[in-house]
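Peer 1: One structure is given below, represented as structure tokens, and several questions about it will come after.
The values are calculated or read from the model by the stated rules, or taken from the named source; none is laboratory data. On a predicted model such as this, the values are computed, not experimentally measured, just so you know. Neighbour counts are summed over all protein chains in view; Cβ atoms, including those assigned to glycine, are modelled from backbone coordinates with ideal geometry. For accessibility, only protein heavy atoms count, side chains too; no ligands or nucleic acids. Shrake-Rupley method; radii C 1.70, N 1.55, O 1.52, S 1.80 Å.
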Amino acid sequence: MNQLVRFFVTCVLAVAAANPVPQAGSTSSSRSDEEAIVAAEHAWAQAPVKGDAASMATFMSDDYVEIVMETPPGSSKSKWLTTGKAEWVDLVRSGREKFTSVDVRNIKVYLHGDVATTTGEYSQTGTNDGKDIGATGLFVNTWVKKNGKWLVVSSVFP
């Protein structure tokens, strides 16, 4: 699993390095990109609450990966759990994963050309196969602009 995380980080850094830093005078473009990303964060968060797996999927790149740090009870060793787009969308589509609320707030956008990192706070209530998945915490999302549209390529929940 560490290889997957290293591979992903390497890919994100390579994409970021290949895209030039916006030049002075591109503030309005940066502002509109920031606004589009924040709006996408909120809409994407609400799609699974509505049970709308199809809409949820439109915000995600096909190679999307969710990375969650898990520390089993009574253990001091943490591990990374990963979920891909198809698996997560299927959980919502099938009704096995249901969200009754998701709130994202205090979102900050860090633009790097056609790559953006967002940080923020979240709280959610819901179930996965009947098990409570209510949580509150921090998140980091990475977005890439493809064909003029911002798509999330990864989410990290430390």
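Peer 1: Can we say residue 83 is touching a strand residue (DSSP E or B) at 6+ places or on another chain (Cβ under 7 Å), over 24 Å from residue 144 (Cβ atoms) and surrounded by fewer than 18 Cβ atoms within 10 Å (Cβ to Cβ)?
Peer 2: Numbers: touching a strand residue (DSSP E or B) at 6+ places or on another chain (Cβ under 7 Å): yes; over 24 Å from residue 144 (Cβ atoms): no; surrounded by fewer than 18 Cβ atoms within 10 Å (Cβ to Cβ): yes.
Spelling it out, it is not the case that residue 83 is touching a strand residue (DSSP E or B) at 6+ places or on another chain (Cβ under 7 Å), over 24 Å from residue 144 (Cβ atoms) and surrounded by fewer than 18 Cβ atoms within 10 Å (Cβ to Cβ).
Peer 1: Ok, one more. I'd like the full set of residues that are closer than 27 Å to residue 33 by Cα and either open to solvent by 60 Å² or more (accessible area, probe 1.4 Å) or touching a Cys at 6+ places or on another chain (Cβ under 8 Å) (or both), limited to segment 86-112. Reasoning before the result, please.
Peer 2: Filtering segment 86-112 for residues closer than 27 Å to residue 33 by Cα gives 86, 88-89, 101-112.
If the condition is that a residue be closer than 27 Å to residue 33 by Cα and either open to solvent by 60 Å² or more (accessible area, probe 1.4 Å) or touching a Cys at 6+ places or on another chain (Cβ under 8 Å) (or both), then 86, 103, 105, 106, 108, 110, 112 are the ones that fit.
Peer 1: Can residue 127 be described as under 22 Å from residue 54 (Cα atoms), assigned to a strand (DSSP E or B) and touching an Asp or Glu at 6+ places or on another chain (Cβ under 8 Å)? Talk me through it step by step, then tell me what you get.
Peer 2: Values: under 22 Å from residue 54 (Cα atoms): yes; assigned to a strand (DSSP E or B): yes; touching an Asp or Glu at 6+ places or on another chain (Cβ under 8 Å): yes.
Taking the combined requirement at face value, the residue satisfies it.
Peer 1: Does residue 68 qualify as being surrounded by 12 or more Cβ atoms within 10 Å (Cβ to Cβ) and either touching a helix residue (DSSP H, G or I) at 6+ places or on another chain (Cβ under 8 Å) or of a type in the set (Asp, Glu) (or both)? Break it down into steps so the answer makes sense when it comes.
Peer 2: On the way: surrounded by 12 or more Cβ atoms within 10 Å (Cβ to Cβ): yes; either touching a helix residue (DSSP H, G or I) at 6+ places or on another chain (Cβ under 8 Å) or of a type in the set (Asp, Glu) (or both): no.
The answer is no for residue 68.
Peer 1: Tally time: how many residues in segment 120-142 are free of Cβ contacts under 8 Å to residues at least 40 places away in the same chain, of a type in the set (Ser, Thr, Tyr) and open to solvent by less than 40 Å² (accessible area, probe 1.4 Å)?
Peer 2: 1
Peer 1: Quickly run through segment 52-101 and pick out the residues that are of a type in the set (Lys, Arg), touching an Asp or Glu at 6+ places or on another chain (Cβ under 8 Å) and either without any contact (Cβ under 8 Å) to a residue 12 or more places away in the chain or not in a strand (DSSP E or B) (or both). Give the derivation first.
Peer 2: Within segment 52-101, the subset of a type in the set (Lys, Arg) is 77, 79, 85, 93, 96, 98.
Checking which are touching an Asp or Glu at 6+ places or on another chain (Cβ under 8 Å) leaves us with 79, 85, 96.
Answer for segment 52-101, where residues must be of a type in the set (Lys, Arg), touching an Asp or Glu at 6+ places or on another chain (Cβ under 8 Å) and either without any contact (Cβ under 8 Å) to a residue 12 or more places away in the chain or not in a strand (DSSP E or B) (or both): 85, 96.
Peer 1: If you go through segment 143-158 one residue at a time, how many are open to solvent by 30 Å² or more (accessible area, probe 1.4 Å) and more than 11 Å from the chain's Cα centre (by Cα)?
Peer 2: Count: 6.
Peer 1: While we're here: Inside segment 34-51, can you point out the residues that are of a type in the set (Asp, Glu), surrounded by fewer than 18 Cβ atoms within 10 Å (Cβ to Cβ) and in contact (Cβ under 8 Å) with a residue 12 or more places away in the chain? Explain how you work it out, then say what you get.
Peer 2: Here is the first cut: in segment 34-51, the residues of a type in the set (Asp, Glu) are 34-35, 41.
Now restrict to residues that are surrounded by fewer than 18 Cβ atoms within 10 Å (Cβ to Cβ): 34-35.
The one that is of a type in the set (Asp, Glu), surrounded by fewer than 18 Cβ atoms within 10 Å (Cβ to Cβ) and in contact (Cβ under 8 Å) with a residue 12 or more places away in the chain: 34.
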